[in-house]
Structures are given as structure tokens and as C-alpha cells.
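The values are calculated or read from the model by the stated rules, or taken from the named source; none is laboratory data. Note that the structure is a prediction, hence the values are computed from the model and not measured. Positions of Cβ are generated from backbone atoms using ideal geometry, with glycine treated the same way; all protein chains shown enter the neighbour counts.
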Amino acid sequence: MSLSAIRDSSELASFRVNFRQFLKDQVVPAHSAVFRSDGFPREVWRAAGAAGFLGLDVPRELGGRGIDDYRYSAVVAQEIVAAGLNGFAITLQNDIVIPYISAIANHEQRKRWLPALCAGESVSAIAMTEPEAGSDLARLSLTACKVNGGYRLNGEKFFISNGLTQNFLLLVARTAEGPMGLSLFIVEDAANAVGRTPVTKLGLRAQDTARLAFDDHFVPDGALLGSPGRAAGYLMRMLPKERLAIAVRADAGTRKSLMLTQDHVRTRQVRGSTLGSLQGIRFALADMMAELQANEALTALAVDRLNQGRLSEADAAAAKLRSSETFRAVTDRCLHLFGAHGYLAQSEISELFLDARGITLQGGSSEIMREIIASAARL
Ligand SMILES: Cc1cc2nc3c(=O)[nH]c(=O)nc-3n(C[C@H](O)[C@H](O)[C@H](O)COP(=O)(O)OP(=O)(O)OC[C@H]3O[C@@H](n4cnc5c(N)ncnc54)[C@H](O)[C@@H]3O)c2cc1C
């Protein structure tokens, strides 16, 4: 199979080589230690910052790389998946949290927050989901009550990736009743101030996930991001990039699953020939390869549109829907082609299968993606 449809220029190719080497030197050694534990150590994040892999599109004077081209972020996501390091949530910082700060924070807040995020001194998370509200953000109930000099937070967030590691939390909270009642806050001392309980998941086991509880926790006025009551609009503006990042990861996971399976069927013997010589298996793999290529082309188109500032909600939803559903279906089929070897805990294909199971839920489920696409078509 050819490389991803996101074409590498020579500069992008050397960025890819450098990032691959960084993962090998700094992240792989930490990976086995964090498996099933509570996230990557702060030194790994600092090393990523020092090597220039955080805040790719943040201006240099604020500590970033000043690269205004999403293909670099896509390379980071692809290489993390290719190296089997899905739990290292650097794309959460680069593609989800930092863009909110760049786009919505005021000048003083950007100067205060971005350098630490780019240096890996701040490790971030985004907290939208609650125990009683996921897809339906109108039901969010964690409150931020205005008091003298700031706000008091009360309530819970659930399924928060990087929830244990983070010391910089982007939080959606209710400041008033109704759809216009949601606001965004940055909680900088969340590490000490919130109750944090680890959540054990089926997959992505090297990525820490937490339940966070706020009990009358005070944040100053300066923690408010943007204007009060405007969170719904900010989320609509920022979620397409998050969903595109998920599509890139899903394509990379599908590619890795197919590569592993091709290697397996080329050598596994049945009835005097290889599995890969059987027509049913050749055709099944051919169908999956063709689907991957179509998805990668759609994702690459979405990357171009993002770079041109015209990625719509429906474009991103379509890329996320196709790529994540394909990743889920392909890992299921590929695991089967490995026979019982695929069912071994911690085999590469079973890890991919488990990682893929959550991807049709996170960042908005497939049903929500379909709703967005259908609404854009005015159905
Ligand atoms: C691996 C992983 C990481 C995550 N990381 C984060 C994070 O960092 N921060 C964060 O805030 N959240 C995170 N989440 C939570 C994620 O955003 C939610 O799981 C998602 O929004 C769905 O919400 P829910 O789980 O409450 O499901 P629900 O909203 O209860 O949905 C349950 C089912 O109903 C379906 N459904 C819902 N609405 C409709 C509809 N209108 N029409 C048809 N079907 C519908 C859904 O598709 C789903 O199948 C993560 C989730 C996963 C799996």
C-alpha cells in the first residue's frame, strides 16, 4: 500500500523522521511502565516540549513552532499510532486544548498559558462529559456560580482523558439555565483541588482517564475563557478540528491493523498454502484496503480544508464517521484472521481492537456525526 494520502513534502518527511526518533528514544521506554497506570510522567511531556513537538501552530514568541499547517499535527498522530503509543495523548494537547486558547483566550491569557503548554510544563485535558450527560450537552449540570472575584465550581465530570496527569483543565460549566448558559473555564490548580478517581477502560490502557469531582472549588475571574454563556458556540467552532484529529488516528490504526494482518496471512499455513493465497481472505483484505484508501483521501481533503480555514462541521463529521467506523470494523475482522492468536491479551491486534472500540464514541458518537451531516443537508 502507498503511504497516507496526506502527502509528505521533504520538510514534512524529515519532521516525521525526527518525531519517530523522539518516540523511540523518549516515549517507548516510558510506555511499558505506564501501561495500566496513571499516565505518562511529566518528563516525557517536557521532553516533547523541548524537542518542539508541542504547540506546533502556536507563534514562536509564545513558545510554539509557528507552523500553520495541520499536516504536521497529522504526522504526529499517525506516528503515535504506528508506534503503538495510542495512550500518549499529545494530540489532545496540540489539536484540542491549545486551539481553544489560541482562538478564544485574550492576549494576557495567551501569554500566561501558551508557553507552559508548549514547554510541556502544563499537561492539559478537556472536561465536557458528565455522568448524566454526554451526547446531549444541553443537559450539562456542573455549575459555576459567580461570587466576589471569581466563580465556585460544583459537580462532576466523567471519562476525562489525561484526567489524572493534567494540571491544566479546560472545563465546560453552567453559569446560567438554558442553552446559552454554558461557559468555558481554565482550572490551573485542578491537580490539588479536585477529587480525581481513575476510570478503568477496555482499551487505550496507557492513557489515563478520570472522574473529576468539584466541591465548591474557587476559580478567579481570570479563569473564564471568552465570554460567559458562549461555550456552545465555541464548541461548535472548535469540535471539527478535534474530530479531524480522531479521523487521522483512526486511519492510522486501520493502516496498522491491515499491515499486521497482511504480514500474518503471508506466512500462516493452512492445507499446504498460506492464508493469504485463499481467495476469500485476499478479497476481504482487498476490500478493507480499498476502504482505507477512500477514507484517507476524505481525511486528506478535510486536512486541506482546515488549512484553508473552511473545514465545516459536516466535513469533519463525515471524516470522523467513516474513519472511526472503518477502524472498528477492520480490527474486528483482522483479529479474526489471526485466529486464536489474535484473541491473546496484549497481542498487537487485540490492543488495536480494544482501542478502536472507543473511537466511535469519543469526540461525539457516530450517531451524533450522522445528525450533523443530516442537519447540514437540511433533512
Ligand atoms: C476513549 C474515550 C475518551 C474520552 N475522552 C473524553 C474527554 O477527554 N473529555 C470528555 O469530556 N469526554 C470524553 N469522553 C466521553 C465522550 O465524549 C462521550 O462518551 C460521548 O460524548 C458520548 O456520550 P455518552 O458516553 O454519555 O453516551 P450517551 O450520550 O449516553 O449515548 C449513549 C448512546 O446513545 C446514542 N445517542 C445519543 N444521542 C443520540 C441521538 N440524538 N440519536 C441517536 N442516538 C443517540 C449514542 O450514539 C450512544 O450510542 C471520552 C470517551 C471515550 C470512549
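Would you mind stating whether Gln93 is at pLDDT below 95 and not assigned by TED's automatic domain parsing to the domain that holds Ala245? Please lay out each step first, then the result.
Values: at pLDDT below 95: no; not assigned by TED's automatic domain parsing to the domain that holds Ala245: yes.
So Gln93 does not fit the description; no.
So, in the stretch 1-28, exactly how many residues are out of contact with any Gly (no Cβ under 9 Å at 6 or more places or on another chain) and at pLDDT 90 or above? Don't jump to the end; show me each part of the working.
Filtering the stretch 1-28 down to residues out of contact with any Gly (no Cβ under 9 Å at 6 or more places or on another chain) leaves 1-17, 19-27.
Within this subset, residues satisfying the condition of being at pLDDT 90 or above are 11-17, 19-27.
Result for the stretch 1-28: 16.
If I ask for residues that are surrounded by fewer than 22 Cβ atoms within 10 Å (Cβ to Cβ) and under 20 Å from the mean Cα position of the chain (by Cα), which ones from the stretch 233-255 would you list? Explain how you work it out, then say what you get.
First pass over the stretch 233-255, keeping only residues surrounded by fewer than 22 Cβ atoms within 10 Å (Cβ to Cβ): 233-239, 241.
If the condition is that a residue be surrounded by fewer than 22 Cβ atoms within 10 Å (Cβ to Cβ) and under 20 Å from the mean Cα position of the chain (by Cα), then Tyr234, Leu235, Met236, Arg237, Met238, Leu239, Lys241 are the ones that fit.
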From the option list Leu164, Leu92, single residue qualifying as part of a loop (DSSP other than H, G, I, E, B), within 13 Å of the ligand (Cβ to nearest atom) and not hydroxyl-bearing (Ser, Thr, Tyr) is Leu164
Quick one: how many residues across the stretch 324-379 are within 11 Å of the ligand (Cβ to nearest atom) and outside any helix (DSSP H, G or I)? 6
Flagged in the stretch 40-74 as of a type in the set (Val, Ile, Thr) and in contact (Cβ under 8 Å) with a residue 12 or more places away in the chain, in numbering order, are Val44, Val58
Can you confirm whether Ala319 is buried (at least 21 other Cβ atoms within 10 Å of the Cβ), within 11 Å of the ligand (Cβ to nearest atom) and part of a helix (DSSP H, G or I)? no
For a quick check of your reading of the model, give me the residue pairs whose first member lies in the stretch 263-276 and is over 19 Å from Ile349 (Cα atoms), whose second is surrounded by fewer than 11 Cβ atoms within 10 Å (Cβ to Cβ) and not hydrophobic (A, V, I, L, M, F, W, C), with beta-carbon atoms closer than 6 Å and at least 6 apart or on different chains. none
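Inspect all residues belonging to the stretch 118-125 and state whether any of them is away from the ligand (no atom under 14 Å from the Cβ), at pLDDT 95 or above and part of a helix (DSSP H, G or I).
Yes.
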Tell me, yes or no, whether the stretch 187-197 has at least one residue that is within 22 Å of Ile104 (Cβ to Cβ), surrounded by fewer than 17 Cβ atoms within 10 Å (Cβ to Cβ) and away from the ligand (no atom under 14 Å from the Cβ). yes
